[in-house]
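The values are calculated or read from the model by the stated rules, or taken from the named source; none is laboratory data. All values reported here derive from a predicted model rather than from experimental measurement. Backbone-built Cβ (ideal geometry, glycine too); neighbour counts: all protein chains shown. Just so you know, the surface numbers come from the protein's heavy atoms only, side chains and all, with ligands and any DNA or RNA stripped out. Shrake-Rupley method; radii C 1.70, N 1.55, O 1.52, S 1.80 Å.
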Amino acid sequence: MKRLGILLSGRGSNFVAIASAIRERRLLGAEIAVVLSNQADAAGLTAAREMGLAAFAVPSAGRKRAEHDAEMIARLHQHRVDLVCLAGYMRILSAEFVRAFPNRILNIHPSLLPAFPGLDAQAQALEYGAKVAGCTVHFVDEAVDHGAIVVQRTVPVLDDDTAESLAAKVLEQEHIAYPEAIMRVLSGDFRFEGRRYVRRAKPSTRRLRGPEP
Ligand code: GAR
């Protein structure tokens, strides 16, 4: 069983989607080891506690990034986390944090990266006039919203969309994309080609069965 560490800063709907996927056995071979938030009043933390999960606030306000990250890393190690999932964690990770979990941190971003990184991605897409929007689950490297892409899902941008309506449509897709990406990564059935995440081809059943008579 692989142990997930969820990091969030607010609402936590992506965390709830991951927890539901585990509970409903749509996401196999994973359990949530710990939920951490840099915001003590994050709704996601309350939801985690109501589910009976280990959930802690590690407040970031007024603290040096290095010091805060060191505490986050220590908590994740303490809970023997295999894969860190950023789920609306609105803080940039230090290089030390990324190096502590090499290729073992995923993030979800509400745009089709590399378009519209950073804040207010859906409003950026709308303002730019994009006709397709969506979300991206990607590995975290030392640059912001940048690592290898695991899953993207799209939604059409309609003429009467607002930033809010677009965000709601994208969020629905996020809730599908994140459990799917975690499942793929935990399977280990992939390799990197440059910055490309590539799934290994499944061996054909014919090869498994041997040659036809
Ligand atoms: C989600 O839309 C997620 O993609 C976004 O924050 C929201 C968190 O919602 N993350 C980022 O913008 C990171 N750059 P949630 O707390 O309900 O999961």
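So which of L119, L93 ends up being open to solvent by 10 Å² or more (accessible area, probe 1.4 Å) and either charged (D, E, K, R) or more than 9 Å from the ligand (Cβ to nearest atom) (or both)?
From the options L119, L93, the qualifying one is L93.
If you scan region 44-60, which residues turn out to be in a helix (DSSP H, G or I) and open to solvent by less than 40 Å² (accessible area, probe 1.4 Å)?
G44, L45, A47, A48, listed by residue number.
Is it the case that A66 is of a type in the set (A, V, I, L, M, F, W, C), closer than 19 Å to M90 by Cβ, surrounded by fewer than 14 Cβ atoms within 10 Å (Cβ to Cβ) and more than 13 Å from the ligand (Cβ to nearest atom)?
When the stated conditions are applied, A66 passes them.
Would you check if Q152 is surrounded by fewer than 18 Cβ atoms within 10 Å (Cβ to Cβ), at pLDDT 95 or above and under 16 Å from L4 (Cα atoms)?
The answer is no for Q152.
Got at least one residue in region 103-113 being out of contact with any Phe, Trp or Tyr (no Cβ under 9 Å at 6 or more places or on another chain) and surrounded by 21 or more Cβ atoms within 10 Å (Cβ to Cβ)?
yes
Got a sec? Which of H138, H146, H175 is open to solvent by 60 Å² or more (accessible area, probe 1.4 Å) and under 25 Å from D82 (Cα atoms)?
Only one candidate passes the filter, namely H146.
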